[in-house]
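Notes follow the structure.
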Amino acid sequence: MASELETKLRNGEKLQVIDVRELDEWQDGHIAQAKHIPLSGLVARLDELDKNDKPIYMVCRSGNRSGKACDFLSAQGYQVINMLGGMMSWPGEVVEGD
């Protein structure tokens, strides 16, 4: 799954990547195209997600928190995909810091 997402990003496909990890985890390394919305703040920041035209890939460390985010967002009508394996399985480059 992680390698599939990396290929899609490299090919310039239109999609959203939301990283739901905490700030310290985000700063240790994240996907360059990702937007940081910690799981604890997801409900308050729903307006930052595009509900209609692009799939939303949810990312965390291992796939557990992003799975919870997917369950919630799917119930709200969002088109979401959990990046199974999370950042532990990410084959691409990562960006450190904010």
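The values are calculated or read from the model by the stated rules, or taken from the named source; none is laboratory data. Computed from a predicted structure; not experimentally measured. FYI the Cβ positions are ideal-geometry reconstructions off the backbone, even for glycines, and counts take in every protein chain you see. For accessibility, only protein heavy atoms count, side chains too; no ligands or nucleic acids. Shrake-Rupley method; radii C 1.70, N 1.55, O 1.52, S 1.80 Å.
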So LEU15 ticks every box in (1) touching a strand residue (DSSP E or B) at 6+ places or on another chain (Cβ under 9 Å); (2) at pLDDT 95 or above but one. Which box is left unticked?
(2)
If we scan region 74-82, do we find a residue that is open to solvent by less than 60 Å² (accessible area, probe 1.4 Å), among the aromatic types (Phe, Trp, Tyr) and part of a helix (DSSP H, G or I)?
no
Members of region 41-64 found to be free of Cβ contacts under 8 Å to residues at least 40 places away in the same chain, surrounded by 13 or more Cβ atoms within 10 Å (Cβ to Cβ) and in a loop (DSSP other than H, G, I, E, B), listed by number:
LEU42, LEU49, ASP50, LYS51, SER62, GLY63
Among the listed residues LYS8, LYS68, which satisfies the condition of being free of Cβ contacts under 8 Å to residues at least 24 places away in the same chain, touching a Leu at 6+ places or on another chain (Cβ under 9 Å) and open to solvent by 40 Å² or more (accessible area, probe 1.4 Å)?
LYS8
Search result, residues across region 23-40 that are among the small types (Gly, Ala, Ser) and either under 14 Å from ILE56 (Cα atoms) or crowded, with 17+ Cβ neighbours inside 10 Å (or both)
ALA34
